[in-house]
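The structure appears right after this line, and notes come after that.
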């Protein structure tokens, strides 16, 4: 159905690829990723490309002194020293015009040559240009040499940031690309020193330019030795320029060379992430030229162009400015330039040290503000403060320091980060072209303008440009600190780009299919990856994994993996293998994830049940799963008697009395080195989670390791990648049960892969929640509707502010719009989102995503990556996991062809791809997030001697979401009361399954086929309440 059409039933399925639109700019900006690497291995891929920056900087510094030497009648050593201001402008800006040529050349050849070969070519041009300039017999040859050298600059400044960005680890990418600027500054300092040494020699300018030639040779040899960019190799293969399997193998080898032995274990995963980004390229030979000016590449291009102002050109005239400030001798001016170079070096070092900690935007905003002030101050010196030469020196020093904190390192850093990989080469070449065009224009115009209208006018003009740049940065430029290149690409918003068609790109009118707006996500291709290995494969800086909200007892990340391996070793020792199903009947506990991951580590199948379940409910689940081992709390041992299964009682905290928990102590104390290494396939069953499904009866949903890996990747890690706090700094409070798929996916899997801290509440209590949020500085609180209601009431009763909370999410059950409104009114600083998923989809479905310009609190969010949905009239659909346990009829009733899962929900999508759930067609009742199968309650009720017919359905309830209501037909003459019915059920079920209301009727409405018409029952109930 098209957006805006009448809503109807929702179907969903998982897909591997689709055309996509990326989500918009998040409200919360930040960092998520980190990679293992060897510092010694990572330094060389930076060092040799950075020499290209050093040679660029050297040219700036050397030209500052060479200009003085070349114009001196006694020192130039030429007969053509009497150059006009136009000719001097051409000498100074000649390398910049050459850089323009190099940037334009890069646009056409960069993606063909690759980053490495482009840097090799730039080294050759540097060498030839340096020799031509140094040995020039006349002015035209010198200008040609300057142009050739500049062409090398253009190629190097285009390729070096890309090569470094694509090969260096995420967590030090900002530092290394900024270090390239450090090398530029160091090159300037070398140029100033060279000028100071040779300025008093006849023909000293020749020596200044010739000195760069040996550095060119070192750069060329180094780039010949380095491997190509793995991202470029994979891009070529995706575009049909080679074999993808071979390219993947070479890319893994290159990554290992670039990162060292420490990276070898995760190289394959990193390559999968890069292929994930490229999954939309679809084997096109190359990007069309017009694509550079469309969509998110246009956005990146605007940002890249906005980060250039032409202001490095001022440094070419540093010696001239200093001469006018009183340093009249050529040697004095060039030596003061050395001091400027040292200052630049120091300030660049400061930027390098803080860029990955403070971020890009703070440095840009602070630095550009100082640049504007310094330029206006320098302009005022030439007009009002001529008698105070110290003003010129102070202003120049301020300019230099602020430039090196902002535009110097950050401009080059960001333009290397923001372009999509497929278009990065061409996009960056245009940004570099704009950079050098502005620099060349300012540099060329500076001398003629100085002669025509004076220095003050030129400098004031540059100050105006600086103010415009400051406004642009403040309103447009995003923060990219710590994000992978793939995450940055997803972060660049595209809402400013007009749609080409009234039909949104994520919807196909022909098929009626809605596609996820997220980029397709590649899951691990290795068939032998299991969930536990996957969770622990992600490096992070997390310290505390789990902490008990009441006692403060905790498990650190440093010991979590060892505890899991110890438990796995113990389970293996007592004979648990892949043939066993282990039941975990535990309340929330910091040991719950340890048990869950330990069971999966030995290849066994995990199943769970509410620890408050009755003996009959346990026996029913036992008949389906055939448990061989049960983890539970001491209070449950009595009702588990007679099952013939080994029972392990589990303490609430890691520190416990070993005499009271003998078997558990034996298991958890096993040597982790004895942990088995079973062969586990992604397709092996990992868990059996019980759900009411879509047809009303309790059924076991079979989930594989691949299903749960998808949960981690497509639900938890995707959500974290969109938001801006470093994930390992986030603190989550868990009040929802871990035995539910919602809690299991977050607190026993996904968040552990991110390094977040999980504060565990054993049982929800609103007072304890408020205390825990304040005590542990909780930032994220996943909830269900009753918890939301309780927090609203707590605000009214106690005035609690929950200041540390950043986001509250809600799922598992419908929530009333009024509750959302009241919550946001009570806690306006908290971002609120909803999510939608099913046990059958391993909790993957949709997730809310608010943006600066778009806040959809009522919506359950955007489809997860790889997901598709249909809104249909027919009762057809399919299931993502293999199906229901030992229940082919239930599976077939929810599954149809082509992988569609029939959810039974009434829903619609809006024009931006956000999903809204209006009502439920399926029979399952959700009471406070718990699922209740009407058929289970009906089976109990019909056994009562006074009941001849019965049907159970849901009634809406503001606090609980839905409550079970029983419609009862009694035998003639019965005196059965509502209280009798409620108490009869309560004695046999878990508390949350109790019938909350009873309606006595004469008959149960049914269809001709005998199906209970529950909607008519709900309509009858609603009408009776109105009366």
One point scatterer per Cα, no solvent, Debye formula: log10 I(q)/I(0) for segment 925-1026 at q = 0.24 Å⁻¹ comes out as -1.45
By the gyration tensor of its Cα atoms, with a ≥ b ≥ c the square roots of the eigenvalues, what is the shape of segment 764-875: rounded for a/c under 1.5, prolate for a/b over b/c, or oblate? prolate
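How high is the relative contact order of segment 925-1026, given as a whole-number percent (alpha carbon pairs under 8 Å, six or more residues apart)? All intermediate terms of the calculation are to be shown ahead of the outcome.
On the way: 155 pairs, mean separation 26.0, N = 102.
For segment 925-1026, the relative contact order is 25 percent.
Looking at the P(r) of segment 529-763, how many percent of alpha-carbon pairs lie beyond 30 Å? Don't jump to the answer; show the numbers that get you there.
Details: 5148 of 27495 pairs.
Result: 19 percent of Cα pairs exceed 30 Å.
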Label zone at residue 939, where the point sits 7 Å out along the Cα-to-Cβ direction: segment 599-625 residues whose backbone N lies under 12 Å: 616-624
For residue 241 and residue 44, what is the calculated FRET efficiency with R₀ set at 22 Å and r taken between the beta-carbons, to the nearest 0.05? 0.25
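How would 188, 585 line up from fewest to most surrounding beta-carbon atoms within 10 angstrom? Write out the running numbers ahead of the final one.
Values: 188 30, 585 24.
Ordered from fewest to most neighbouring Cβ atoms within 10 Å, 188, 585 come out as 585, 188.
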For segment 505-628, take N as its residue count and report Rg(C-alpha) divided by 2.2 N^0.38 Å. 1.40
Note the full-extension length gain between residue 679 and residue 468 as 0.36 nm times their separation in residues minus their Cα-Cα distance, in nm to one decimal. 69.9 nm
FRET E, pair residue 803, residue 79, Förster distance 60 Å, beta-carbon r, rounded to 0.05: 0.20
Report the Cα centroid-to-centroid distance between segment 353-411 and segment 554-610 in angstrom, as an integer. 58 Å
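What relative contact order, as a whole-number percentage, does segment 580-715 give when Cα pairs under 8 Å and 6 or more residues apart are counted?
Details: 183 pairs, mean separation 33.3, N = 136.
In percent, rounded to a whole number, it is 24.
Values quoted throughout were computed directly from the atomic coordinates according to the rules given, and no laboratory measurement underlies them. From a predicted model like this one, the values you see are computed outputs, not experimental measurements. As a convention, Cβ positions derive from the backbone with ideal geometry for all residues, glycine included, and neighbour counts pool all protein chains shown.
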